[in-house]
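So the structure is just underneath, and the comments pick up after that.
Values in this text are rule-based calculations from the coordinates and carry no lab data. Note that the structure is a prediction, hence the values are computed from the model and not measured. Glycine gets a Cβ as well: all are built from the backbone with ideal geometry, and neighbour counts include every protein chain shown.
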């Protein structure tokens, strides 16, 4: 029986230094039925020329500037879907090196159940500890623990045995998620987009996963689909840009995807979390404070809320479509906050 075709979308912005190892590992896959789409965000380091010269099988989509993460992935997905044989989309970060069975294991897991719409790879830091095995779900959509809502962050395989088997997770992280075409097309029919392009970058994986779940799809960890991720090489850890987009996009996700009662409670949980950050001297906040100081952090938060107000009418329209078309009951949605909470682990 012929294998189903996958499209691997790699978004790049001045990441030439990563491309040799990333693409070499991709083209050594044991699963052969795939096409790579390289979407370049107006790089000035000759990334596209390097791909043309060294990886001629790759389809290149050249953009004129840096559009972040969401829009370039959407452009790549739309191009991939012109090929009717493509059944799976995999959005792979450029700063990764994938195991030879990475794609095979992703698709093997995806094909086990029609209700599975999303599958997570298992990403490791170069030294061998887990960086991301999927996303959990918290009422503040953040958590004051190392790695935030990333499952398994900083642990070894032997320290968290449940992540060594296929388990249901809330959603895959954005490092190397697989999405079924059927789910993505259903999302597009509702909103005319896959990832939310208003997000630019950060938290768009959580938002897409939430919307997929509201349509009744499950997310599963594929523990043998492994890769190395060099982590925050573009946005940088604790950068003001990352802090701004992460906080803003989490609020936008809540506006769109939460039930009304959980939406109303969110601000309390978010405020409580920020107090917890301060009292426990959260590492990311400490780094940001050392760069920008207290007034700098206040300025970032002011920009966040001004941007939220600007986008509010548009987000409310998106919310209306999402909530109108959801296929799961309120009780099940409320249970997600218990079932997929990192606080309970």
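Descriptive notes on the structure:
- Legend: ranking of residues 239, 47 from fewest to most surrounding C-beta atoms inside 10 Å; resulting order 239, 47.
- Rounded to 10°, Cα long-axis angle of helix 330-339 versus longest principal axis of the chain: 80 degrees
- Summarised as an ellipsoid, the chain has semi-axes of 29, 23, 21 Å, derived from the eigenvalues of the Cα gyration tensor scaled by 5 and square-rooted, with the largest first.
- Ranking of 156, 2 by neighbouring Cβ atoms within 10 Å, starting from the fewest: 2, 156.
- The angle between the Cα long axis of helix 283-325 and the main principal axis of the chain comes to about 80°, on a 0 to 90 degree scale.
- Antiparallel DSSP beta bridges within the chain, percent to nearest 5: 35 percent
- The distance separating the Cα centre of the stretch 99-153 from that of the stretch 37-52 comes to 27 Å.
- Sequence-separation-based contact order of the stretch 109-230, relative, with Cα cut under 8 Å and 6+ spacing, percent: 40 percent
- Max mean-square fluctuation residue, GNM over the chain, Cα-Cα springs under 10 Å, options 218, 100, 114: 114
- 222 nm mean residue ellipticity, helices alone, for the chain (DSSP H n ≥ 4; -39,500 (n - 2.57); rounded to 500): -14500 deg cm²/dmol
- Cβ-Cβ distance of residue 265 and residue 53, R₀ of 51 Å, FRET efficiency by 1/(1 + (r/R0)^6): the value works out to about 0.40.
- Convex hull (Cα only) mean projected area of the stretch 28-92, reported in nm² to one decimal: 4.8 nm²
- Normalising the average separation of contacting C-alpha pairs (under 8 angstrom, six or more residues apart) by the number of residues puts the relative contact order of the stretch 98-345 at 26 percent.
- Ordering of 134-146, 261-273 by burial proxy (mean other Cβ atoms within 10 Å per residue, highest first): 134-146, 261-273
- Nearest 10 degrees, 0 to 90: helix 204-214 Cα axis against the chain principal axis: 90 degrees
- Residue order, fewest to most surrounding Cβ atoms within 10 angstrom, among 320, 299, 13, 102: 320, 299, 13, 102
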